[in-house]
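Chemist: Here it is, the structure in full.
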Amino acid sequence: MALNHALSVVVALTCVACYYNSLHCDFVFDDISAIKENRDLRPHTPLKNLFFNDFWGTPMHKEQSHKSYRPLCVLTFRLNYLFGQLDPFGYHLVNMLLHCVVCLMYFRMCLMFLPDMASFVAAMLFAVHPIHTEAVTGVVGRAETLSSVFFLAAFLFYTKATINKKLTDWKFIGMSMLSIATAMLCKEQGITIAGVCAAYEIFVIQRVKLEDMKSFAKSAVTPKSSFHLPKSNAAAKRLFVLFIFTILLLLARLQIMGSQLPVFTRFDNPASVAPSPSKQLTYHYLISVNVWLLLFPCNLCCDWTMGTIPLVESFLDMRNLTTIATYLFLLLLIATAFLTENRHQRVVLIMSTSLLVLPFIPASNLFFPVGFVVAERVLYMPSMGFCMLIGYGWQITSRRTGKKIAWTFVGLLVISHGWKTYLRNWDWENEYTIFMSGLRVNQRNAKLFNNVGHALESQGHFDEALKFFKTAVKVQHDDVGAYINVGRTYNHLKMYKEAEEAYLKAKSLLPKAKPGESYQARIAPNHLNVFLNLANLISKNHTRLEEADMLYRQAISMRADYTQAYINRGDILIKLNRTKEAQEVYERALLYDSNNPDIYYNLGVVFLEQGKASQALAYLDKALEIDPEHEQALLNSAILLQEFGRPDFRKIAKERLLKLLIKDKNNERVHFNLGMLAMDEKNIAEAEQWFRRAVHLKVDFRSALFNLALLLADDVRPLEAAPFLNQLVKYHPDHVKGLILLGDIYINSIKDLDAAENCYKRILEIEPDNIQGLHNLCVVHVERGKLFDAQTCLEKAHQLAPEEDYIVKHLGIVQNRIGKLHLNEDVADNKEKSKVVSNKSVDENEKKTEPVISRDTEKQRYSSRVVNTEPMFLKSIDDANELHSLEVEEVASSKKVEHNTSSSDRRRSRADKDDPSSGMS
């Protein structure tokens, strides 16, 4: 017993030594869809959703679902998220620990059939086998390791229940049945342990031999002959319970799936759509490929789909010999097991063969097609039988050739496999490394080229990404996703003509509709993204909005539940000012996806466009109810709440903005709107801090620059305001209000009349009829003593705005001064009147009644103070409205993302289609 404990420690330490470097890996491949993009992991999502959605967070009843039902595995991801958010370290740590647990349980199981050291050899090989890296280092591989824990637990509990052949410990039977159900809820393959338990009961406990099976078969064929298997009633009851429970689990699984298999494409598994006999020959050949990977795990690849393994198209293909060799090997194992007189050998061969074959059946394609060609992760459970055979082989070798040679062989095997595993872990460090490692092994899979392109694209290396996407097109000429990726990259490179051509080529490759045949059953949902990407591209030209709308309608006609097309079409309708239609489109989308926060958010945008603030806020709040971290809804609802002007609403708005700030400290819009709230609360110092941070994060932030300058000017700090205004007009030379304020500071504070005149002339270049700019230019003439120029200027202003009393008054003052000059009045009078016009007269009554520059009349409700431009609240509200409209437009269009079709395929088409009876993986 002490030896076994010591050996267990060695096994556990070996696991850690092989996989500790996996803790430094990121989320890659399927991890993106299953972890980062899966809303079921977020605390705000109801727990019950885990039991209605698939592994990726898609409702099981939807056609887009891959039917991979693993709620308990997703639950562990959710716990990871609860404690570490999206820090990959915690996820990888749990995977490594689960592998350690599986190895220790496997060692314990081997001890039931092999001696101590042979079991140790099997466990060590299982711990270090490189074929396991995908299941352990890939985060989504947790489905394999977690299911294996309960897979082994079910078997161990069953063996405890059968210690006494004639009596059954039903407590352990119950625990075994519960473990089987749990294993299946972690990964569909888990249910195959029921077959292993049945084999153990029949061939190990009841010792049924080949002669017994022949007699049983004869009795079944010849009714008159009688035969009774040498089994106790207790065994019959156990097998009956095991059989009934397994059937019930399968029926429940079919019910959850809606009695539908997932829809896969020929890109996922080319053999599944190949004609006979190519389909059958390829399926059987793939079994030999999996056996080869167990024997020689040298060339490992993360993705074996598409053209990785060419189809076996005829009986003359030499690869058929490997298929025959594989079946001969399996038949030899089974024949030896039943013909040998050595009971120990019979038990080991039967159990190892059961563990090797039964867990692999769901992924074999022999009974139903699956969504992959080869997947290394699905060999995690079958490798238990393989390693047990190696352990038994070591036991025989050590007896015949001596332990020294046997240990040398095993030592080299464990060291080489362990080193390969350690190096293989680094392949999973990031998306670029994992897909490049695949390309080093496999040059026939277009998806790998696509995914290397995605990795480069995410880093902004568009030229390099384009090369890989084009190579994907060459490798797989009919790959719709590859053409979409080419088009999207051209779009990033602003080569719009080439992008449109690529999208049109992708569109032409879609299968044509056939009478009487469901179109959506014949096309990959992600391939329809070509309509969205093409529509997004052409909608940049506002004269082609109707054409873009037609593409969205075409996509919807192909798939009525294509919610993204509804979302994007609604955005186009908003741009066409058809907001009522946009509302109807979004409401229809809710019929297919009532829990999509983006749809509620866009409905909020529609009501904002319609000027219905209360309704807009209700929909934005609904989006936040579904997804409390929805960034656009948080920001726009905060702006909307602020505009209501209620103190209690301002508090909620601030909470939402601060929540956004925690998510992204470098979001300049959040800082700006927090500054706006501080202004509403009359907290000038705090507002100044927020505005300064916003400007620091974005040097050309129009609204923040102006509001900060206006705040400083109102706080009698015009010299501090001037640099920000200069920065504003540098990046936004057409900012009229900024030029007005800057000109005022030049006149009254800096005394630079030339600079002020340049500001006002610039305003008149932008807006020749701008009364404020023209009037202030007149003031400059007065300050210079050019009364005749000032008179001409004011007369022009009066013609443009005859209703403005202050212009009439100022014109009268100037004319009065000119009259006094003709009468040779004292120069002091001239200076006094000039100061009156510049708002600096010593005559207090004139200063109060004749302001130099008026503020916008529609803004007077915010302040009664006379200023040279609108007060802080005036401009901040004005620019906030401007920003808000931009934000609404930007967010609405952000729903119109250019879809990464092959990126989607690379994730979901690979990791969730393992096991077919359920979309099993």
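Chemist: Of 746, 794, 511, which is farthest on the positive side of the dipole of the chain, counting Cα position, with +1 on Lys and Arg Cβ, -1 on Asp and Glu Cβ, and the Cα centre as origin?
Modeler: Projecting each Cα onto the dipole axis, the largest value belongs to 511.
Chemist: Taking 0.36 nm per intervening residue step and subtracting the Cα-Cα distance, what contour gain separates residue 615 from residue 320 on full extension?
Modeler: Working: separation 295, 0.36 × 295 = 106.20 nm, distance 6.69 nm.
Gain on extension, residue 615 to residue 320, equals 99.5 nm.
Chemist: I've got another one for you. How many nm separate the modelled label positions at residue 368 and residue 93, each set 7 Å beyond the Cα in the direction of the Cβ?
Modeler: Rounded to a tenth, the inter-label distance reads 3.8 nm.
Chemist: How big is segment 151-190 by Rg and Dmax over its Cα atoms, in Å?
Modeler: Expressed in Å, the Cα Rg and Dmax of segment 151-190 come to 10.6, 33.
Chemist: Between residue 558 and residue 458, what is 0.36 nm times their sequence separation minus the Cα-Cα distance? Round to one decimal in nm.
Modeler: Stretched fully, the residue 558-residue 458 segment lengthens by 33.0 nm.
Chemist: Can you find, among 423, 617, 541, the residue sitting farthest towards the positive end of the charge dipole of the chain, where Lys and Arg contribute +1 and Asp and Glu -1 at Cβ?
Modeler: About the Cα centre, the residue reaching furthest to the positive side is 423.
Chemist: Mind ranking 767, 757, 37 by accessible surface for me, highest first, 1.4 Å probe?
Modeler: Ranked from most to least accessible, the order is 37, 767, 757.
Chemist: Roughly how much of residue 731 is accessible, in Å² to the nearest 10, using a 1.4 Å probe?
Modeler: Surface accessible to solvent at residue 731 totals approximately 100 Å².
Chemist: Please list, ordered by chain and number, the residues whose modelled amide H lies under 5 Å from the amide H of residue 53; skip anything fewer than 5 residues away on the same chain.
Modeler: Answer set, sorted by chain and number: 60.
Chemist: In deg cm²/dmol, rounded to 500, what helix-only [θ] at 222 nm does the chain give when every DSSP H run of at least 4 residues adds -39500 (n - 2.57) and the total is split over its residues?
Modeler: -21000 deg cm²/dmol
Chemist: Let me ask something else. Read phi for every residue in segment 610-621 and hand back ³J(HN,Hα) as whole Hz from Karplus 6.51 cos²θ - 1.76 cosθ + 1.60, θ = phi - 60°, with x for Gly and Pro.
Modeler: Values per residue, Gly and Pro as x: 7, x, 9, 5, 5, 5, 4, 5, 4, 6, 5, 5 Hz.
Chemist: Could you check the spin-label model distance between residue 541 and residue 409? Points 7 Å from the Cα along Cα→Cβ, value in nm.
Modeler: Placing both labels 7 Å beyond Cα along the Cβ direction yields 7.2 nm.
Chemist: I've got another one for you. Leaving ligands and nucleic acids out of the surface, order 272, 416, 22 by accessible area at 1.4 Å, largest first.
Modeler: Heavy-atom accessible area, descending, gives 416, 272, 22.
Chemist: Across 5 Å bins from the origin, how do the percents of Cα pairs in segment 777-827 run, short distances first?
Modeler: Spelled out bin by bin, segment 777-827 gives 5, 22, 31, 24, 12, 5, 2 percent.
Chemist: Which label belongs to the value computed from this structure, given these candidates for volume of the Cα convex hull per residue in Å³: (i) 239; (ii) 202; (iii) 216?
Modeler: Label of the calculated value: (ii).
Chemist: Want the number for residue 47 to residue 820: 0.36 nm per residue separation, take away the alpha-carbon distance, what's left?
Modeler: Numbers: separation 773, 0.36 × 773 = 278.28 nm, distance 8.65 nm.
Difference between extended and current length: 269.6 nm.
Chemist: Within segment 428-550, count lysine pairs with alpha carbon atoms under 14 angstrom apart where the residues are 8 or more positions apart or belong to different chains.
Modeler: For segment 428-550, qualifying lysine pairs total 8.
Chemist: Additional query: Run the simple label-point estimate for residue 578 and residue 651 please: 7 Å along Cα→C-beta, distance reported in nm.
Modeler: For the pair residue 578/residue 651, the computed spacing is 4.5 nm.
Chemist: Now, a different point. Skip the ligands, DNA and RNA, and give the accessible area per residue of segment 599-747 with a 1.4 Å probe, whole Å².
Modeler: I get 40 Å² per residue for segment 599-747.
Chemist: Let me ask something additional. Can you figure out the FRET efficiency of residue 716 with residue 809, using R₀ = 35 Å and their beta-carbon distance, to the nearest 0.05?
Modeler: Working: r = 26 Å, r/R0 = 0.76.
Efficiency at R0 = 35 Å is approximately 0.85.
Chemist: So, one more: Rounded to the nearest 0.05, what FRET efficiency is calculated for residue 689 and residue 622 with R0 set to 51 Å and r the Cβ-Cβ distance?
Modeler: That pair, residue 689 with residue 622, gives E of 0.95.
Chemist: In addition: Kirkwood hydrodynamic radius, segment 1-129, all distinct C-alpha pairs: what's the number in Å?
Modeler: 16.6
Chemist: If you take the charge dipole of the chain about its Cα centre, with +1 on Lys and Arg Cβ and -1 on Asp and Glu Cβ, which of 640, 704, 141 is farthest toward its positive end?
Modeler: Checked the options; the winner is 141.
Chemist: On to the next question. Let me see the pair-distance distribution of segment 53-178: every alpha carbon pair, 10 Å bin width, integer percents in order.
Modeler: Final binned percentages: 12, 31, 32, 19, 5, 0.
Chemist: First compute the accessible area of segment 279-375 with a 1.4 Å probe, then give the percent of it belonging to carbon and sulfur atoms.
Modeler: 75
Chemist: I've got another one for you. Accessible area per residue for segment 33-141 in Å², computed with a 1.4 Å probe and the full protein assembly in place, what is it?
Modeler: Computed with neighbouring chains in place, this is 31 Å² per residue.
Chemist: In Å², what does the accessible area per residue of segment 418-500 work out to with a 1.4 Å probe?
Modeler: 42
Chemist: Between residue 396 and residue 112, how high is the FRET efficiency from 1/(1 + (r/R0)^6) when r is the Cβ-Cβ distance and R₀ = 22 Å? Nearest 0.05.
Modeler: 0.75
Chemist: Taking the Cα atoms of segment 380-515, report the difference between the largest and smallest coordinate on each principal axis, in whole Å and largest first.
Modeler: 73, 44, 21
Chemist: Next question. So which of 48/160; 761/796; 48/187; 48/237; 737/820 end up more than 24 Å apart, counting from Cα to Cα?
Modeler: Over 24 Å Cα-Cα: 48/160; 48/237; 737/820.
Chemist: Per-residue HN-Hα couplings for segment 425-442, Karplus 6.51 cos²θ - 1.76 cosθ + 1.60 at θ = phi - 60°, whole Hz, x for Gly and Pro?
Modeler: 4, 5, 4, 8, 5, 7, 5, 5, 5, 5, 7, 5, 5, x, 5, 5, 9, 9
The values are calculated or read from the model by the stated rules, or taken from the named source; none is laboratory data. Bear in mind that the values here come from a model prediction, so they are computed numbers and not experimental data. Positions of Cβ are backbone-derived with ideal geometry, glycine not excepted, and every protein chain shown enters the neighbour counts. Please note that ligands, DNA and RNA were not included when accessible areas were found on the heavy atoms of the full protein model with its side chains. Shrake-Rupley method; radii C 1.70, N 1.55, O 1.52, S 1.80 Å.
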